[in-house]
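Let me begin by presenting the structure, written as structure tokens, before commenting on it.
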Amino acid sequence: MTEKKYDVIALGELLIDFTDSGLSPQGNPLLEANPGGAPCNVLSMLQRLGKKTAFVGKVGEDQFGRNLADAIKEQGIDASHLKMDPEIHTTLAIVLKKPDGDRDFAFYRKPGADIMLTEDEIDPDFIKEAKIFHFGSLSLTDEPVRSATKKAIAAAKEAGALISFDPNLREPLWETLDHAKEQIDWGMKQSDILKISDNEIIWFTGKEDFDEGIAALKAAYPNLKFIALSMGPDGSRIYLDGKRVEKAAYLQEGTIETTGAGDTFCANMLSGILDYGLDMDEETMMKVLKQANAAASLVTTKKGALRVMPTLDEVNAFIASRE
């Protein structure tokens, strides 16, 4: 790939994930304040893989915001374009586990600082230093961050960067699901790389069969060169140049929660593209999938995500133990 200062620049939400941490002696629920937000989870994993990353976004000028700024700097993520809002508080998310093991999200974001990033706060010259520009749909839910995202993508495309998109659907953050589809459609049209989950592809395409859903996406968005499909405990797939490779998940009894697993998977996809380009053969595609599935499995054994991403050595050792 063309020499640039950063392997990946991501734009979007950086927030506090309050996750279940048991009960107090009085029987009250305890919540742990974990640094989170999908784009920075992706960048944190990429840092573990030896990639150079930067984040563009906004937090509140409050204790949570300062903690988040410290957290991403600790991971080695360039935070020079992280803005702090003096009036709007840092966005908060409550993440609770449902009886079926899935997660239930509640957001404190009307408004939250992440949606207050403006067009004027986007530096096109900085964005142009990325080999890959990554974003998700949460920066398309509201203004002014939607316009800021569009300005950043335009700059990245002008500089020849690959555009990576993760719909990361969070229903409570959209006025309507029709609005979500409209904006996710826009995101799909901009992108070269797509990471999508099983429930998202069913919702977006109406196809229960994933191959049919992928075919529908390719027909509607011929710009999509690389599609990674995550299927939770059923594993994952890569679709590239007419090739389809599937790898079973690495399931383990030590799983605590799935927060960040999809972001970990996505980061390994981007790392594979940085390492091998978009002309991978099936053997290379399988190598990338194995690494992504293993890393995602490992992160489910730890609380939080951003601060507990596995190293490449840990991932390789885990794969070796399962082969």
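The values are calculated or read from the model by the stated rules, or taken from the named source; none is laboratory data. Just so it is clear, the structure is predicted and the values come from calculations on it, not from any experiment. Because the Cβ atoms are built from the backbone with ideal geometry, glycine has one as well, and the counts that use them run over all protein chains shown.
Which residue, of A228, A294, A267, is crowded, with 21+ Cβ neighbours inside 10 Å and part of a strand (DSSP E or B)?
After ruling out the rest, the residue left standing is A228.
Select, from Q26, Q47, the only residue that is polar (S, T, N, Q) and crowded, with 16+ Cβ neighbours inside 10 Å.
It is Q47.
In segment 25-66, how many residues are free of Cβ contacts under 8 Å to residues at least 40 places away in the same chain and out of contact with any Ser or Thr (no Cβ under 7 Å at 6 or more places or on another chain)?
Qualifying residue count for the region: 9.
Can you name every residue in segment 213-222 that is among the aliphatic types (A, V, I, L, M) and either part of a loop (DSSP other than H, G, I, E, B) or touching a residue at least 12 places away in the same chain (Cβ under 8 Å) (or both)?
At the first step, the residues of segment 213-222 found to be among the aliphatic types (A, V, I, L, M) are 214-217, 219-220.
Matches in segment 213-222: I214, L217, A220.
Restricting to segment 309-321, name every residue that is surrounded by fewer than 17 Cβ atoms within 10 Å (Cβ to Cβ) and outside any helix (DSSP H, G or I).
Answer for segment 309-321, where residues must be surrounded by fewer than 17 Cβ atoms within 10 Å (Cβ to Cβ) and outside any helix (DSSP H, G or I): just T311.
Only residues that are of a type in the set (D, E, K, R) and either surrounded by fewer than 16 Cβ atoms within 10 Å (Cβ to Cβ) or in a helix (DSSP H, G or I) (or both): list them for segment 252-264, please.
Listed by number, the residues that qualify are E253, D263.
Looking at the structure I just gave you, is A261 under 21 Å from the mean Cα position of the chain (by Cα), at pLDDT 95 or above and not basic (K, R)? Steps first, please.
Working: under 21 Å from the mean Cα position of the chain (by Cα): yes; at pLDDT 95 or above: no; not basic (K, R): yes.
No, not satisfied.
Which helices (runs of 4 or more DSSP H) does segment 130-212 wholly contain that include 3 or more residues that are among the β-branched types (V, I, T) and either crowded, with 20+ Cβ neighbours inside 10 Å or at pLDDT below 95 (or both)?
145-158
What are the pairs, 6+ residues apart or on separate chains, where a residue within segment 300-323 that is on the phi > 0 side of the Ramachandran plot has its Cβ under 9 Å from a residue that is surrounded by 14 or more Cβ atoms within 10 Å (Cβ to Cβ) and of a type in the set (S, T, N, Q)?
Sorted first by the residue in segment 300-323, then by its partner, the pairs are G304/T19; G304/N34; G304/T259.
Give the residues of segment 16-44 that are out of contact with any Leu (no Cβ under 9 Å at 6 or more places or on another chain) and not in a strand (DSSP E or B), sorted by residue number.
P25, Q26, G27, N28
Between L274, L270, L240, which is more than 29 Å from D104 (Cα to Cα) and touching a residue at least 60 places away in the same chain (Cβ under 8 Å)?
Result: L274 is the single residue among L274, L270, L240 that is more than 29 Å from D104 (Cα to Cα) and touching a residue at least 60 places away in the same chain (Cβ under 8 Å).
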